[in-house]
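Please read the structure below before turning to the comments.
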Amino acid sequence: MAFNHAHVAFGGRQWFSSPFNNSSPRGDYGNAMAELDYVVGKILAQLEYLQLLENTLIIFTSDNGPWKLQLLNGGSGGLFTDGKGSTWEGGIHMPALAMWQGVIQAQSVSQDLLNTMDVFTTILSLAGVRPPSDRVIDGLDVTASLLGDQGDKQTKSPHDYMFFWNGRPGQYYLCAVLNDTYKIHYITGSWYDWDARVVHDPPLLYQIEKDPSELYPLNTTLYQDVIQQFSVAVTLHKKGMVFAEDQCGRGSDPSLAICCNRATNCVCGQDIPSLDDIVSV
């Protein structure tokens, strides 16, 4: 289920229903998070009521980091650098929660490299369905990472490296590459100000395992073996890269928008419970 609560709606405000107005000291962003929390809670409660939790895989994550151009309405990346639109950790490093009662060990933690594109392929695998063979599928089956012995430090992810591209339609560049220990930046910059991007030669190298904030670049002359390993991985990746049609260039369909009325900032009022009713549920 897709939620729009972390995105800015019409008029530059966060999207939330009127009962959640002034419900959080965090302001509009907090109001939106409060409603998101409420809705997710209702979904989980209904699954529990229907006794479906043992037959349902729940994955909760996000597509990108905070939209920093929106200031307080854009969220926070915590210790990570930058946010949405960049390939710094603040733009691409997302939390993810997975729940499957009786299957995934409660309170287990995995440090495996996973990608949101893996969700599609993994769900197909769990359902016993083969991925389509008439197109390139970027996601990999990460069932072992989700369901395996989370206490085992051995990486179960099929990803040895992850590759992050950025740019504008028709002008995409491989900007950063990550493995479970290091991260390399060939280009840094934001999609929102792509003309101000910086090309790094030699590239920036961080020991991401120990420096998740990407504050202390390593001396690349001392890590030439690592640089070479990344270069080999990049060459293989680019050989197999197939560019798909630009999805943003296909336009939009207003009839598919979740907002009932943009003129009222998506607040329509009909059949909306009071906040007191919501809190008491």
Enumeration of residues in region 69-84 that are open to solvent by 50 Å² or more (accessible area, probe 1.4 Å), under 16 Å from residue 14 (Cα atoms) and over 15 Å from the mean Cα position of the chain (by Cα): 69, 70, 71, 72
Odd one out for residue 71, checked against (1) at positive phi; (2) assigned to a loop (DSSP other than H, G, I, E, B): (2)
Failed criterion for residue 167 (all others in (1) at pLDDT 95 or above; (2) part of a strand (DSSP E or B) hold): (1)
Check on residue 146, surrounded by 15 or more Cβ atoms within 10 Å (Cβ to Cβ) and at pLDDT below 95: yes
Per-region count, region 45-57, residues in contact (Cβ under 8 Å) with a residue 12 or more places away in the chain, open to solvent by less than 60 Å² (accessible area, probe 1.4 Å) and outside any loop (DSSP other than H, G, I, E, B): 1
Selection from region 210-233 of residues that are out of contact with any strand residue (DSSP E or B) (no Cβ under 6 Å at 6 or more places or on another chain) and open to solvent by less than 40 Å² (accessible area, probe 1.4 Å): 211, 213, 226, 227, 233
Count - residues of region 170-191 that are among the charged types (D, E, K, R) and either in a loop (DSSP other than H, G, I, E, B) or free of Cβ contacts under 8 Å to residues at least 40 places away in the same chain (or both): 1
Hits in region 2-38 - residues which are without any contact (Cβ under 8 Å) to a residue 60 or more places away in the chain, surrounded by 15 or more Cβ atoms within 10 Å (Cβ to Cβ), part of a helix (DSSP H, G or I) and out of contact with any strand residue (DSSP E or B) (no Cβ under 6 Å at 6 or more places or on another chain): 30, 31, 33, 34, 35, 36
First in region 125-147 and over 25 Å from residue 107 (Cα atoms), second anywhere and among the charged types (D, E, K, R), Cβ under 7 Å, 6 or more apart: 139/118
Filter result for residue 191 (open to solvent by 60 Å² or more (accessible area, probe 1.4 Å), closer than 20 Å to residue 113 by Cα and among the hydrophobic types (A, V, I, L, M, F, W, C)): no
Residues (assigned to a helix (DSSP H, G or I) and over 22 Å from residue 2 (Cβ atoms)) located in region 126-141: none
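The values are calculated or read from the model by the stated rules, or taken from the named source; none is laboratory data. Worth saying up front: this structure is predicted, and the values here are computed from it rather than measured. Ideal geometry is used to build each Cβ from the backbone, glycine not excepted, and the neighbour counts take in all protein chains shown. When the accessible area is computed, the model is the full protein with side chains, heavy atoms only, and any ligands, DNA or RNA have been set aside. Shrake-Rupley method; radii C 1.70, N 1.55, O 1.52, S 1.80 Å.
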